[in-house]
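The values are calculated or read from the model by the stated rules, or taken from the named source; none is laboratory data. Treat the numbers as computed from the prediction; the structure is a model and nothing was measured. Cβ coordinates were reconstructed from backbone atoms using ideal geometry, including for glycine residues, and neighbour counts include every protein chain displayed.
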């Protein structure tokens, strides 16, 4: 049996083969919401906490539905639109897939 390096994956909490993690990185990182569900372009998400929106002077309440999200180059951010706010960027830690 060949010796293989293992790397601790903080997202799953498991030790995984380094080759497996490298293959995932090459295929593109999977964007996940606060509950760990994978997200894709066009999904609907729900806010998991109240968020004060800088520059808009308002607060988006917990449970607000955001439709038609778009993934960005950063796997921790989502580009989305809300009825009253244009150019809204949300962090994936504050949303849950609907």
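Here is how the numbers come out for the structure above:
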read-out: Flag if residue 92 is outside the structural domain of residue 8 (by TED's automatic domain parsing), within 26 Å of residue 8 (Cα to Cα), out of contact with any helix residue (DSSP H, G or I) (no Cβ under 8 Å at 6 or more places or on another chain) and surrounded by 14 or more Cβ atoms within 10 Å (Cβ to Cβ); value: yes
read-out: Tabulated pairs, the stretch 12-31, first under 20 Å from residue 76 (Cα atoms), second modelled with pLDDT of 80 or more and surrounded by 12 or more Cβ atoms within 10 Å (Cβ to Cβ), C-beta under 6 angstrom, 6+ apart or interchain; value: 21/7; 29/75; 31/39; 31/71; 31/75
read-out: Condition met for residue 50 (under 15 Å from residue 91 (Cβ atoms) and surrounded by 12 or more Cβ atoms within 10 Å (Cβ to Cβ)); value: yes
